[in-house]
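Please read the structure below before turning to the comments.
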Amino acid sequence: MDAVASTDLIAGRLFRLSIGVFFIGGFLSSVISLFVPRLTLLYGLDYSRALLVQFAFHTSYLLFAIPIAMTIMRIGYMRSAATGLSVMALSCGLFVASHGMHTYGLLLFSLLALSAGITFLQIAANTVVAVVGNAEGAAFRLNLLQAFNSVGTVAGPLVGAAFILGSPMLTGRAAMAEIAPPFLFAILLLGGLAIAFLARRNLLQPLVRTDAIGGRLDWPALLADRRLLAGTGAIFVYTGAEVAIGTLLVNYLVQPQVFGIAPVNAARLVSLYWGGAMIGRLAGAYAMRRVRPATLLMLAAIGAALLAIVAATVKGSLGGIALLAVGLCNSIMYPTIYVLALPDDPKLATPGGTLLCMAVVGGAVVPMLTGLLADRVGLTASLMLPAACYLGIAAFARQCRGARI
């Protein structure tokens, strides 16, 4: 078997294994987002304190990205993926237990640990899928895998709404039993995936380009790459805007001047937000065979900004529909920004991916700022901040119109 055929075979096996990783990451992220409306509507917390859930969940990307990247470069992708999946499974169990004990600090710690496990997968999975295989198809592969991530984000609200928002506040074992089913499903899937990755820990050994998943943290080279730095900023504002809208969407839709529906029904409607991302990623992966990724990214970012502005300024159901439709525009953003920003030198792939992963801390910062605005000027008006974030992404896309992919 020649080198090209061998690489394609390995890339295919890696892709199939990664489907489950992307699915469960999306599933858990959307289930965790439902805890913000639970805390505001059932516990009576204000937006800024309730959004500490997302702050804890996304701060890990900044705190642990560098040591996790060094671990990945030392033990390899497959073992790192198994480690991250195992940490996520343990964290899910801790999250359920802390909720039953009504210990908010422990609950935030379990979220920090959960996102540490996801950080392993963010750095390793996105980078290795992008560099194993032909460079021209990198954006297509990542967008297709992100579609499976979106399947998870759609399933999360549909499965989790009844367990997380369907009952009054409970305590002790009753509270644990109330929210446990979606997390038990996640633990079983995470455990199975961890075993699968560990059993195939030598999958990437035959590859000649081992530097693509190795390398070192060469900060001068990274900081000299203006496209990488601009992409890091784009990932920061994208993650922040997507998380802010996805987290506050239930609170927005239950308002009398929007849909005025029950929290459980609003949570189920959130699946349309994530479902738009799923459809958009499948369509985007197809479109990228004919249209430059940077062009699609710019159009999607401008569309998202306009829809967020409509939701922030127009009363009635039109605002709710507009905010749900932002998910369709979000669809191609993360994987496309990631591939456009990743350094061309394969030796800088993992270090560059580390910097991009650290930028996911935007999912902690922007929602907190949006929550602070919501407490002061109202939830609807606070959506102007995510709208501004999308305009920043459009600027990055314009800068990348001459990129090779």
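List of remarks:
- Test: residue in the range 162-170 that is at pLDDT 75 or above and surrounded by fewer than 22 Cβ atoms within 10 Å (Cβ to Cβ): yes
- In the range 283-313, the residue that is farthest from Gly378 (Cα to Cα) out of those that are hydrophobic (A, V, I, L, M, F, W, C) and in contact with a Cys (Cβ under 6 Å, 6 or more places away or on another chain) is Ala294.
- Filtered residues of the range 355-385 (kept if in contact (Cβ under 8 Å) with a residue 60 or more places away in the chain, open to solvent by 30 Å² or more (accessible area, probe 1.4 Å) and over 20 Å from the mean Cα position of the chain (by Cα)): Leu372, Asp375, Thr380, Ala381, Met384
- No other residue among Ala283, Ala301, Ala277 is more than 18 Å from the chain's Cα centre (by Cα) and among the small types (Gly, Ala, Ser) apart from Ala283.
- Being under 24 Å from the mean Cα position of the chain (by Cα), modelled with pLDDT of 90 or more, within 20 Å of Met88 (Cα to Cα) and open to solvent by less than 10 Å² (accessible area, probe 1.4 Å) is not true of Leu228.
- Taking the criterion of being open to solvent by less than 50 Å² (accessible area, probe 1.4 Å) and over 13 Å from Asn143 (Cβ atoms), the residues of the range 270-294 that qualify are Val270, Ser271, Tyr273, Trp274, Gly275, Gly276, Ala294.
- Residue-level analysis places Thr103 outside the set of residues that are touching a residue at least 12 places away in the same chain (Cβ under 8 Å) and open to solvent by 20 Å² or more (accessible area, probe 1.4 Å).
- In the range 267-288, the condition of being part of a helix (DSSP H, G or I) and over 22 Å from Gly26 (Cα atoms) is met by at least one residue.
- Residue, farthest from Ile393 (Cα to Cα), within the range 325-354, restricted to residues that are open to solvent by 20 Å² or more (accessible area, probe 1.4 Å) and at pLDDT 85 or above: Ala325
The values are calculated or read from the model by the stated rules, or taken from the named source; none is laboratory data. Just so you know, these numbers come straight off a predicted model, no measurement behind them. Positions of Cβ are generated from backbone atoms using ideal geometry, with glycine treated the same way; all protein chains shown enter the neighbour counts. Heads up: the accessible areas ignore ligands, DNA and RNA and are worked out on the full protein's heavy atoms, side chains in. Shrake-Rupley method; radii C 1.70, N 1.55, O 1.52, S 1.80 Å.
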